[in-house]
Amino acid sequence: MFEKITSFPFSHLIRNKSIQNFAFLVTIQASNILISLISMPLLIQSIGVDQFGLVNLALSVIILANIVVDYGYSLSAPRAVALQSNDKEALSHIFSNIISSKMLLASLTSVVILISVFVFNLFQGYQTILILSMLILFSEAALPLWFFQGLEKMKLVSITNIFSKLLFLMGIVFFIQSPEQSKWVNFIFGGSALVINLCLLLYIHYELEIKLFKPRLKALVISFKENIFLFLSNLTSHFSVNGGLIILSFFSNAETLGMFSLAEKISFVLRMFPALVIQSIYPNASKLYQNDRPGFYRYLRKIYYTAIILSVIISMMTFLLAPFIVKVMTKQYLEESILYLKILSFIPFVACLNILNITILLVTDRKNLLFKLSWTMCIFMLVVSIVLGSNFGGTGLCFGLLAKELFVFFVGLVLIYKNEKAIFNGITSSLFGSHHHH
C-alpha cells in the first residue's frame with residue numbers, strides 16, 4: 001500500500017524543487033499577510049486610528065525606498081546564484097558584492113531621507129516615525145532571500161521569516177501601549193527583521209562556508225550598471241500596482257477611497273499568485289534554458305497550464321465569495337466594496353496569462369525588454385486610470401486595472417515575437433502543437 005502511495009506522482013511533486021520553492025514563498029507571503037491582519041486591530045486599539053494612519057504612511061515611504069535598496073537584485077541575483085551553485089568561490093564573490101551594494105544603497109537612501117526631513121522639513125506630522133522606520137531599510141539590505149532562492153533552499157528563510165514576524169507581534173504587545181509610542185512600531189518591525197537576517201548571514205558564512213570579501217569598487221559599479229533596467233522596471237511596476245489609490249484620491253471622497261482600498265488590498269494578495277509562480281520556477285527554468293531547451297519548453301508548458309487552471313479557480317471563488325469576504329473584513333455589508341472586489345477578482349487569471357512572457361524575458365536576461373514592458377505598462381496605467389477614474393470613479397479604476405493586465409500580456413507577446421522569435425516559436429508549438437517538440 002505504502003509503495004503505491006509513494007509511486008504516485010504527488011510524492012514527486014512534493015520533492016520537486018520548484019514546487020518546494022513555491023510552497024516556501026507562499027508560506028512567507030501568507031505569514032506576512034496573517035501577521036498584518038493580526039497586528040492591525042492590536043495597533044489601532046493601542047495607538048488610535050490617526051497614529052495608525054501615520055505609521056502606515058511612513059511605512060509606505062519606506063516601501064518605496066526599499067525598491068531602491070533592492071535595486072532589482074531580487075530578480076537578477078537568484079539567477080546568478082543558481083548558475084554558480086556548485087562554485088563556493090564564485091558564490092562568495094556574488095554574495096559579498098550584493099550584500100555590500102544593498103548596504104551602500106540603504107545608507108544612501110537613509111541620508112536622502114534625513115536631508116529631506118532636517119534640511120527641507122518634508123514629511124511633516126510623522127518625521128520621527130519616519131526616521132525610526134529607516135531601520136527597515138537595513139533589514140531589507142541584510143535579507144539573503146535571493147541567495148537561498150538561487151540555491152532552491154527556501155525552508156530556512158520561510159521559518160526565520162515567521163519567527164521575525166512573531167518577534168514583531170511580541171514587541172507590539174509588550175512595548176506599544178499608548179499613542180505616544182506609535183513612533184516605535186516600525187522600529188520594532190525593522191529591528192526584529194534585522195536581528196533574524198543577521199543570523200541568516202552568519203549561517204551562510206559559517207554553515208555554507210561562503211566568505212565575505214571586501215567588494216571591489218569596479219564590481220559594484222558593474223552590478224549597478226547591469227541592474228539599472230531591473231531597478232527602474234521594479235519602480236514603475238510598483239507604481240503601476242500600487243498607484244491606483246493615489247490616482248483615485250484626486251477624484252473621490254474618503255469613503256470611496258476606503259471602500260476601494262479594501263477591495264484593492266484583497267486583490268493585491270491574490271495578485272501575488274502569478275508573481276510567486278514566476279519566482280519559484282525561475283532558478284530551475286534558467287538552468288533548463290541553458291542546458292536542455294526541449295526540457296525547458298516542456299517544463300514551462302506544464303507550469304503554465306497548471307497556473308492558468310488554478311488562477312481560474314481563485315478568480316471564480318473570489319467573485320462568488322466577494323460579499324462574504326467584505327463582511328468578514330469590515331463587519332458590514334458595503335455594496336461598493338463588493339462590486340469593486342467582484343471586478344478585481346479576475347486579476348489573478350489575467351495576470352497569470354503573463355507568466356510565460358515574464359519567465360522568458362528573465363531567463364534570456366532581456367532586462368531592456370522588461371524595462372520597456374514596465375514603462376509601457378506604467379504610462380498605460382496612468383492614462384487609463386485618470387480617464388476611467390475621473391469619469392467612473394472606483395468602478396472605472398477597477399476596469400482600468402484589469403485592462404492594464406491584459407495590455408501587458410499583449411505587449412509582452414509582441415516584444416518576445418519581435419526579439420526572441422526562436423523561443424516564441426518553440427513555446428507556441430509546445431503549447432499548441434505536438435508534445436514531441438524537436
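The values are calculated or read from the model by the stated rules, or taken from the named source; none is laboratory data. The shown structure was predicted, so the numbers you read here are calculated from the model rather than taken from an experiment. Ideal geometry is used to build each Cβ from the backbone, glycine not excepted, and the neighbour counts take in all protein chains shown. These accessible areas exclude ligands, DNA and RNA; they are computed on the full protein's heavy atoms, side chains included. Shrake-Rupley method; radii C 1.70, N 1.55, O 1.52, S 1.80 Å.
Are any of the pairs K155/K183; K17/K225; K17/K302; K327/K404; K225/K372; K17/K214 more than 21 Å apart by Cα-Cα distance, and if so, which? Each step should come with its number before you reach the end.
Working: K155/K183 33 Å; K17/K225 31 Å; K17/K302 15 Å; K327/K404 28 Å; K225/K372 17 Å; K17/K214 32 Å.
In this structure, K155/K183; K17/K225; K327/K404; K17/K214 lie more than 21 Å apart at Cα.
Which aspartates and glutamates have a Cα lying under 19 Å from the Cα of K418, excluding residues fewer than 8 positions away in the same chain?
Of all the aspartates and glutamates, those that pass the test against K418 - Cα under 19 Å, at least 8 places apart if same chain - are D365.
May I ask for the longest run of the chain untouched by trypsin sites (Lys or Arg not before Pro) that are loop-located per DSSP and have at most 13 neighbouring C-beta atoms (other than their own) within 10 Å?
1-210
Once you keep just the Cα pairs under 8 angstrom separated by 6 or more residues, what percentage relative contact order results for the chain?
19 percent
Please compute one quarter of the surface area of the Cα convex hull for segment 157-237 and express it in square nanometres.
8.5 nm²
From the phi angles alone, apply the Karplus equation (6.51, -1.76, 1.60; θ = phi - 60°) to segment 369-385 and give each ³J(HN,Hα) in whole Hz, x where the residue is Gly or Pro.
These are the phi-based 3J(HN,Hα) values: 6, 4, 5, 4, 4, 6, 5, 4, 4, 5, 5, 4, 4, 4, 4, 4, 5 Hz.
Rounded to the nearest whole Å², what accessible area per residue is found for the chain with the 1.4 Å probe?
On a per-residue basis, the chain sits at 49 Å².
Taking a cut-off of 18 Å between Cα atoms, list the aspartates and glutamates near K342, but don't count ones fewer than 8 places away on the same chain.
Hits, sequence-local ones excluded: E264, E405.
How large are Rg and Dmax for the chain when calculated on the C-alpha trace, in angstrom?
Answer for the chain, Rg first and Dmax second: 22.3, 73 Å.
Percentage of Cα-Cα pair distances in segment 273-361 greater than 19 Å, rounded to whole percent?
The share of Cα pairs beyond 19 Å in segment 273-361 comes to 49 percent.
Can you check what the net charge comes to around L202, using other residues whose Cβ is under 14 Å from the Cβ of L202 (Lys, Arg +1; Asp, Glu -1)?
-1
Tell me which of L59, H205, F189 sits at the most positive position along the dipole axis of the chain, charges placed on C-beta atoms (Lys, Arg +1; Asp, Glu -1).
Of the candidates, H205 comes out farthest on the positive side.
Going by a ≥ b ≥ c, the root eigenvalues of the Cα gyration tensor, does segment 29-146 fall in the rounded group (a/c under 1.5), the prolate group (a/b larger than b/c) or the oblate group? Can you show the working numbers first?
Numbers: a/c = 3.70, a/b = 1.63, b/c = 2.27.
Judged from the Cα gyration tensor, segment 29-146 comes out oblate (a/c at least 1.5, b/c at or above a/b).
Rounded to whole Å and sorted largest first, what semi-axes of the equivalent ellipsoid does the C-alpha gyration tensor of segment 314-438 yield via the square root of 5 times each eigenvalue? Walk me through the numbers before you get to the answer.
Working: eigenvalues 231, 74, 21 Å².
After diagonalising the Cα gyration tensor, the semi-axes are 34, 19, 10 Å.
Given K211/K367; K153/K367; K153/K421, which pairs have Cα atoms separated by over 27 Å? Please report the intermediate quantities before stating the final value.
Numbers: K211/K367 29 Å; K153/K367 25 Å; K153/K421 34 Å.
K211/K367; K153/K421, as the Cα separations exceed 27 Å there.
Percent relative contact order of segment 326-425, based on C-alpha pairs within less than 8 angstrom and at least six residues apart?
The normalised contact order for segment 326-425 reaches 33 percent.
Hey, got the Cα dimensions of segment 90-190 along the principal axes, in Å, largest first?
For segment 90-190, the Cα spread along each principal axis is 46, 34, 12 Å.
Hey, what do the phi angles of segment 336-348 turn into as Karplus ³J(HN,Hα) couplings, whole Hz, using 6.51/-1.76/1.60 and θ = phi - 60°, x for Gly and Pro?
Those phi angles translate into 4, 4, 5, 4, 4, 5, 4, 5, 6, 5, 8, 4, x Hz.
Residue by residue through segment 123-133, what is 3J(HN,Hα) from phi via Karplus (6.51 cos²θ - 1.76 cosθ + 1.60, θ = phi - 60°)? Round to whole Hz and write x for glycine and proline.
Going residue by residue, I get 6, 5, x, 9, 4, 4, 4, 5, 5, 6, 6 Hz, with x marking Gly and Pro.
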